[in-house]
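Everything on this sheet refers to the single structure shown next.
Laboratory data are not the source of any read-out in this text; all were calculated from the coordinates shown. Fair warning: this is a prediction, and the values are worked out from it, not measured in the lab. Here the Cβ positions follow ideal geometry from the backbone for every residue, glycine too, while neighbour counts run over all protein chains shown.
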Amino acid sequence: MQLYKGRPEDEEGRSEKEMRVYDFLDSLGTEYFRIDHAPATGEDPGLMDEIERTLDARICNNLFLANRQRTEFCMLMIPSHKRFRSSDISKQAGRSRLHFAEPEYMQEMIDCAPGSASVMGLMNDTEKRVQLLVDEDVLNSEYIGCHPCINTSSLRIRTEDVFGAFLKALGRDFMTVRAE
């Protein structure tokens, strides 16, 4: 695995949604580093460890959640070592019974498939239907490790850039929560 600064030089074989992420970050003047790798599904802890070592950043889990009626949707950014407890997060978010949303909602709203959900996907949620929830430990990191809406590349971006210029450009805010 090799760490590259910025977007790929050759766009051949890259998806449109991945390239939109690079275009958006570049338009903001955001510095980011990228690595390409085998599909990261979370089922191969060795691959995830290698990705994090190469990026020199922790990849947080991005959980796509919905209420029972599927009328409210959230993306929870949580460190991989913490557990999602629906009752705790639901209460803090002021939502009832958040649970994992079906993949078709994730695809429709943030243009990401399971295993590739990312804060970057919020740029595809033009109707702003997805509320961003962020565990406080994520905010305390210097860098965010995330996917560019596909799980065969990972990015390292300064946390202040994600929760500053990136979200501001989208006209988005977030709610801080605390997972155990």
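Couple of notes before you dig in:
- Set of region 81-110 residues, backbone N closer than 11 Å to the point 7 Å along the Cα-Cβ line of E180: 83-89
- Sequentially through region 23-40, phi angles give Karplus couplings (6.51, -1.76, 1.60; θ = phi - 60°) of 4, 5, 4, 5, 5, 8, x, 7, 7, 8, 10, 9, 10, 10, 7, 4, x, 9 Hz, Gly and Pro residues having no value and appearing as x.
- With a threshold of 23 Å on the Cα-Cα distance, the over-threshold entries among K17/K128; K82/K128; K91/K168; K5/K82 are K82/K128; K91/K168; K5/K82.
- In the chain, Rg over Rh equals 0.94, where Rg is the alpha-carbon radius of gyration and Rh the Kirkwood radius from pairwise Cα distances.
- Spin-label proximity, S80 to region 20-38 - amide N less than 20 Å from point 7 Å beyond Cα toward beta carbon: 33-38
- If you take all other residues with their beta carbon under 15 Å from the beta carbon of G13, and give Lys and Arg +1 and Asp and Glu -1, the sum is -3.
- On full extension, the segment bounded by E136 and A169 gains 9.7 nm, given 0.36 nm per residue less the C-alpha separation.
- Simple label model, 7 Å out from Cα along Cβ direction - T71 to R97, nm: 1.3
- Loop-resident sites, region 75-180, for trypsin sites (Lys or Arg not before Pro), counting at most 14 other Cβ within 10 Å (DSSP): R83, R85, R97, K128, R129, R178
- Per-residue [θ]222 nm for the chain (sum of -39500 (n - 2.57) over DSSP H runs n ≥ 4, rounded to 500): -7000 deg cm²/dmol
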